[in-house]
Amino acid sequence: METLLQLLVNEPELSDFYTSLAPSSQTRYQQWLNKARSFEDQEARLLHIQHELNNGHRQLKIGSYMGDVRAPNPENDDVVLRARLIETSERLSHRQMAIYVIALCQHVAAGLGFSDDSVLQETITINERWLAGEITFKEARAYAGIPMKYSREVSDEAHRLFYRMLHQAAVTPHVKRHALIASDFALEALLTRTAQPQSATKERTWQYAQLLKVV
């Protein structure tokens, strides 16, 4: 595997900043890059590192990097747009991410023909009530067990992934990053119906555009 400095050879400002870091910080960046499970994962991690260095972060922050949490098969995803989605989310507030995840759920339900699903409507209501200050994040988290229960009981893959998305949407009031995990499940759910190479890019483009709307 190439070293981080080799990968940053065409980014002189970033490489200069990287070399100015303490050896322990450089090692942290390099070791995290070395954990990439595939070429696509390496590319996504490199994008995140470039974002970190460009923002002057002397210590690597991976809290927003979803590769360490969960990711679709890189062969069925647009990893560049996914990375942009993740980085953009860092600028958004908790409330903005809840607004985004409501739109995401409605979008996926329409694409799958599940718009009348009662669990969908309740999940949206949970986020709306949290945004209105009517319930706490603990109450939202308690409700999240319902869509998870449905995901275990259904037999078809589209519904299973759809309910897993709703589960993540329901816990977004607890931690905003769950909206990004919901985005991954959304992509996978939609791909069960249209597994074409351009489908992932189309969906990630929609997600990214939707996220920009709430910035």
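Only residues that are modelled with pLDDT of 95 or more and open to solvent by 50 Å² or more (accessible area, probe 1.4 Å): list them for segment 69-106, please. Even if it seems obvious, please write down each step before you answer.
Taking segment 69-106 as the starting set, the residues that turn out to be modelled with pLDDT of 95 or more are 95-106.
The answer is Arg95, Ile99, Gln106.
Within segment 1-53, can you find the residues that are in a helix (DSSP H, G or I), acidic (Asp, Glu) and either in contact with a strand residue (DSSP E or B) (Cβ under 7 Å, 6 or more places away or on another chain) or open to solvent by 20 Å² or more (accessible area, probe 1.4 Å) (or both)? Steps first, please.
Narrowing segment 1-53 to residues in a helix (DSSP H, G or I): 4-7, 12-19, 23-34, 39-53.
The next check asks that each one be acidic (Asp, Glu); those that pass are 13, 16, 40-41, 43, 52.
Glu13, Asp16, Glu40, Glu43, listed by residue number.
Of everything in segment 190-215 that's touching a Phe, Trp or Tyr at 6+ places or on another chain (Cβ under 7 Å) and modelled with pLDDT of 95 or more, which residue is nearest to Leu85 (Cα to Cα)?
Quick first cut of segment 190-215, residues touching a Phe, Trp or Tyr at 6+ places or on another chain (Cβ under 7 Å) only: 210-211, 214.
Retained after the next criterion (residues that are modelled with pLDDT of 95 or more): 210-211.
Working: Gln210: 10, Leu211: 7 Å.
Taking the candidates together, the pick is Leu211.
Applying the selection to segment 1-48, what residues are of a type in the set (Ser, Thr, Tyr) and more than 23 Å from Arg84 (Cβ to Cβ)? Lay out the reasoning, then the answer.
Kept after step one, since they are of a type in the set (Ser, Thr, Tyr), are these residues of segment 1-48: 3, 15, 18-20, 24-25, 27, 29, 38.
Selection gives Thr3, Thr19, Ser20, Ser24, Ser25, Thr27.
Could you give me the residue pairs with C-beta distances under 9 Å whose first residue belongs to segment 1-26 and is farther than 15 Å from Gln59 by Cβ and of a type in the set (Phe, Trp, Tyr), whose second residue is open to solvent by less than 100 Å² (accessible area, probe 1.4 Å) and part of a helix (DSSP H, G or I) wherever it lies, and which are 6+ apart or on separate chains?
As it stands, the answer is none, since no pair meets every condition given.
Those residues that are open to solvent by 60 Å² or more (accessible area, probe 1.4 Å), outside any helix (DSSP H, G or I), touching a residue at least 40 places away in the same chain (Cβ under 8 Å) and more than 26 Å from Lys149 (Cα to Cα), I need them from segment 189-215; list them, please.
Scanning segment 189-215 gives Ala195, Val215.
The values are calculated or read from the model by the stated rules, or taken from the named source; none is laboratory data. Just so you know, these numbers come straight off a predicted model, no measurement behind them. Using ideal geometry, Cβ is built from the backbone for each residue, glycine included, and neighbour counts are taken over all protein chains shown. To get the accessible areas, we keep the full protein, side chains included, count just its heavy atoms, and leave off ligands, DNA and RNA. Shrake-Rupley method; radii C 1.70, N 1.55, O 1.52, S 1.80 Å.
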